[in-house]
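What follows is a set of notes on a single structure, which appears directly below.
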Amino acid sequence: MKISLTEESLYVKIHDMKARRETDEVDRIVADWRRERPDVDVFPLQVLSRVSRLARHLDRERRHAFAAFELEQWSFDVLAALRRAGAPYELAPGTLLRRNLVSSGAMTNRLDRLETAGLLQRRPDPDDRRGVLVRLTDSGKHRVDACLSDLMNRERAFLSGFSPTEQEALAHLLRRMLVGFDGRQ
């Protein structure tokens, strides 16, 4: 996908922000380091500290969103993986643990808790006598669907200060950065 935000328009936006004197905690941190350690190029803090701080703010907001549906991040992640699998909303536990980046012990614990809550069920795998399949229940499907809708409304509001073109540009740049990390796994 080609981003239609030109370098010139990005330059204008950046200088607009500087003219309005928008500052954040990272600006203060960078200024302090530049004063104390002028010999060190601290520019990476301007990007990566903002990404880190944003992640913490978003995690906090997501916890509130999940709590409204009696879920936690981990439970949403498991239910969402099953929902994204498509009908019949079923996956093997090994697939779930790879998609959620957790150990088999952690996944077993999560599945036990979600099964007790009636949000998923396990059944024998008809293609593997030793295997098990995990299936989203109707209750689990309704819960994750409602939570996702609410979460997307909240997250859309977070992005409302950016034009659609800026949102695409931001998504593109973050994707480029993340690909390097995801490729290491």
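No lab work stands behind these numbers, since they all come straight from the coordinates. For clarity, every value in this text was computed on a predicted model and none was experimentally measured. For neighbour counting, all protein chains shown are included, and Cβ atoms are generated from backbone atoms with ideal geometry for every residue, glycine included.
Observations
- Mean Cα-pair separation over length for the chain, i.e. relative contact order, pairs under 8 Å, 6 or more apart, %: 20 percent
- The calculated FRET efficiency for residue 123 paired with residue 152, based on their beta-carbon distance and R0 = 25 Å, is about 0.25.
- Among the GluC sites (Glu not before Pro) in the stretch 60-114, those placed in a DSSP loop whose Cβ has at most 15 other Cβ atoms within 10 Å are 70, 72.
- DSSP loop trypsin sites (Lys or Arg not before Pro) with at most 13 other Cβ within 10 Å: longest gap in the chain: 22-183
- Taking every DSSP helix (H) stretch of at least 4 residues in the chain, weighting each as -39,500 (n - 2.57) and dividing the sum by the residue count yields a mean residue ellipticity at 222 nm of -22000 deg cm²/dmol.
- For the stretch 73-136: relative contact order, % (alpha-carbon pairs under 8 angstrom, 6 or more apart): 37 percent
- For the chain, hydrophobic long helices are taken as DSSP H runs at least 15 Å long by C-alpha position along their axis with mean Kyte-Doolittle hydropathy of 0.0 or more; these are 73-84.
- Sequence-distant residues sharing a close amide H with residue 125 (under 5 Å, placed H): 131, 132, 133
- Likely footprinting exposure, 181, 69, 158, fewest C-beta neighbours within 10 Å first: 181, 158, 69
- Positive-end residue of 95, 158, 57, charge dipole of the chain with Cβ unit charges: 95
- Spin-label model, residue 170/residue 41: points 7 Å from Cα along the beta carbon direction are separated by 2.7 nm.
- The length gained on full extension between residue 64 and residue 25, counted as 0.36 nm times the residue separation minus their Cα-Cα distance, comes to 11.7 nm.
- Under-5 Å amide H pairs with residue 120, H placed in peptide plane, nonlocal only: 115, 137
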